[in-house]
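Heads up, the thing below is written out as structure tokens.
Read-outs: derived from the displayed coordinates by stated rules, not from any lab. Only a predicted model underlies this, so the values are computations on that prediction, with no experimental measurement involved. Heads up, the Cβs are rebuilt from the backbone with ideal geometry, glycines too, and the neighbour counts pull from every protein chain shown.
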Amino acid sequence: MKVCEPMLKIDNICSFYGNIEALKGVSLQVAAGEVVTLIGANGAGKSTTLMSICGLVAPRRGTILFEGRPIQGLAPHQIVALGIVQVPEGRRIFPQLTVLENLEMGAFLRQDTAEIKTDLDQLLDLFPILAQRRRQPGGTLSGGEQQMLAIARALMARPRLLLLDEPSLGLAPLVVRRIFDTIRQINQEKRTTILLVEQNANLALKVAHRGYVLENGRITLTAAAIDLVADERVRQAYLGM
Ligand code: ATP
């Protein structure tokens, strides 16, 4: 891999649901070490972009390169094995399994037993609430705790690229702030590259280095997060100012 090559390079992808063209030529890039956010209104195509990266939706046109290698057309489990892990919208933890069992499930593709244990201990340090609740079934956790568990479970796979779909959805403001602090910590301390999809543009642009605005399946604006916050169109449409 060339030094200047982005970790993820999406070029002009078009993705459909039947005849509905949800993505109409989306291009974006994420460099190693970055937090990049994709903001946009309901139905803009944010989740479809993430699902296209993960192999859950097959783009009809365009290319997706991960570390220089085309990944469109690969099965979702092959994409996970390359190091791309998604935390889907709505959390989707295993409600009957304990917190610990949920976390262990995140490492199901790994063989390095000793390091799995080290990662588990580190994650329980990073998420003290999960350590406290380790023997409880996941379904008994609060919404915010389940979101933490979903993120921690994804981290157990040691992702090179973490895809987060609406981590703030349905959570109280205080909990959301805690989750965004954790996202920043994961990027800085664990050096995980993150692509973050959010409707809460205020918070997303606070943790991201760069951002893209998606409207009706097209990228309409991209800039450093600090410049997007200052952009009049973004302020009016997404920041409520
Ligand atoms: P939200 O924030 O509401 O999740 P989004 O930006 O993530 O919105 P997508 O869920 O990617 O948007 O949806 C993009 C477009 O594709 C929308 O017009 C939506 O109605 C349509 N769409 C999404 N999923 C399906 C599906 N399974 N079948 C048909 N159309 C779909």
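Let's see if you can work this out: charge +1 on each Lys and Arg Cβ, -1 on each Asp and Glu Cβ, no other charges. What is the dipole magnitude of region 85-167 about its Cα centre, in debye to the nearest 20? Don't jump to the answer; show the numbers that get you there.
Values: 10 positive and 11 negative charges, 27 e Å.
Dipole size: approximately 120 debye.
What's the angle, to the nearest 10 degrees (0 to 90), between helix 173-189's Cα axis and the longest principal axis of the chain?
Helix 173-189 sits at roughly 90 degrees to that axis.
Go through region 77-87 residue by residue and turn each phi into a ³J(HN,Hα) via Karplus (6.51, -1.76, 1.60, θ = phi - 60°); whole Hz please, and just put x for glycine and proline.
For region 77-87, the Karplus-derived couplings read 5, 5, 5, 4, 4, 6, x, 9, 10, 9, 9 Hz, x marking Gly and Pro.
So how much slack lies between A41 and R178, counting 0.36 nm per residue of separation and subtracting their Cα-Cα distance, in nm? Each step should come with its number before you reach the end.
On the way: separation 137, 0.36 × 137 = 49.32 nm, distance 2.33 nm.
Result: 47.0 nm gained on full extension.
Could you give each residue of region 40-53 its phi-based ³J(HN,Hα) in whole Hz, using Karplus coefficients 6.51, -1.76, 1.60 with θ = phi - 60°, and x for Gly or Pro?
x, 6, 3, x, 5, x, 5, 5, 5, 4, 5, 5, 5, 5
Just to confirm the number: angle between the C-alpha axis of helix 113-126 and the first principal axis of the chain, 0 to 90 degrees, nearest 10?
Compared with the principal axis, the helix lies near 80 degrees.
Which whole-number percent gives the relative contact order of region 136-194, counting Cα pairs below 8 Å spaced six or more residues apart?
Numbers: 31 pairs, mean separation 22.5, N = 59.
Averaging sequence separation for qualifying contacts and normalising by length gives 38 percent for region 136-194.
Below 15 angstrom from the Cβ of P137, what's the summed charge of the other residues (Lys, Arg +1; Asp, Glu -1)?
Working: positive: R91, R92, R133, R134, R135, R153; negative: E101, E104, E145.
That sum, taken over residues with Cβ under 15 Å, equals +3.
Just to be sure I understand the model, the point goes 7 Å from the Cα along the line to the Cβ. What's the resulting T118 to E101 distance in nm?
It is 2.8 nm.
How much net charge surrounds V175 when only the other residues with a Cβ under 13 Å from the Cβ of V175 are counted, with Lys and Arg +1 and Asp and Glu -1?
Working: positive: R91, R177, R178; negative: E145, D181.
Neighbour charge sum, excluding V175 itself: +1.
Considering only DSSP beta bridges where both residues belong to the chain, give the percentage that are antiparallel (nearest 5). Present the calculation step by step, with values, prior to reporting the outcome.
Details: 22 of 40 bridges.
So the antiparallel bridges amount to about 55 percent of the total.
Counting only residues 5 or more places away or on other chains, whose amide H sits under 5 Å from the amide H of T98 once H atoms are built in the peptide plane?
Here G138 satisfy the definition.
So what J values fall out for region 222-236 if you push phi through Karplus, 6.51 cos²θ - 1.76 cosθ + 1.60 with θ = phi - 60°, rounded to Hz, Gly and Pro as x?
8, 5, 4, 3, 4, 7, 5, 4, 8, 6, 4, 5, 5, 4, 6
Between R61 and residues 5 or more places away or on another chain, which pairs have amide H atoms under 5 Å apart, with H built 1.01 Å from N, and which residues are they?
Residues meeting the amide H criterion: C14.
Give, rounded to the nearest 20 debye, the magnitude of the charge dipole that region 1-118 has about its Cα centre when Lys and Arg contribute +1 at Cβ and Asp and Glu contribute -1 at Cβ. Provide the component values of the computation, followed by the final result.
Values: 11 positive and 10 negative charges, 66 e Å.
Dipole of region 1-118, to the nearest 20 debye: 320 debye.
Where the convex hull is taken over the Cα atoms of region 3-120, what is its projected area averaged over directions, in nm²?
On the way: hull surface 36.9 nm².
Mean orientational projected area (region 3-120, Cα hull): 9.2 nm².
Among DSSP beta bridges whose residues both lie in region 84-219, state the antiparallel percentage, nearest 5.
On the way: 3 of 12 bridges.
Beta bridges within region 84-219, antiparallel portion: roughly 25 percent.
Over the Cα atoms of region 139-203, what is the Rg over Rh ratio if Rh follows Kirkwood? All intermediate terms of the calculation are to be shown ahead of the outcome.
Values: Rg = 11.4 Å, Rh = 12.1 Å.
Ratio of gyration radius to Kirkwood radius for region 139-203: 0.94.
Binned at 10 Å from 0, what are the whole-percent values of the Cα-Cα distance distribution for region 18-65, short to long?
22, 58, 19, 1
Under a GNM of the chain (C-alpha, springs under 10 Å), which listed residue has the highest mean-square fluctuation: V197, V80, V99?
V80
Using only Cα positions of region 105-241, each an equal point scatterer, no hydration layer, compute I(q)/I(0) via Debye at q = 0.10, 0.11 Å⁻¹ and quote the log10 values to two decimals.
-0.38, -0.46
What is the percent of Cα-Cα separations in region 48-181 that go past 24 Å? Walk me through the intermediate numbers first.
On the way: 2855 of 8911 pairs.
Distances greater than 24 Å cover 32 percent of the Cα pairs.
In nm, give the distance between the simple-model label positions of L82 and K24, each being 7 Å from the Cα along the Cα-to-Cβ direction.
2.8
Which three extents, in angstrom, do the Cα atoms of the chain have along their principal axes, listed largest first?
Dimensions of the chain along the principal axes of its Cα atoms: 46, 40, 38 Å.
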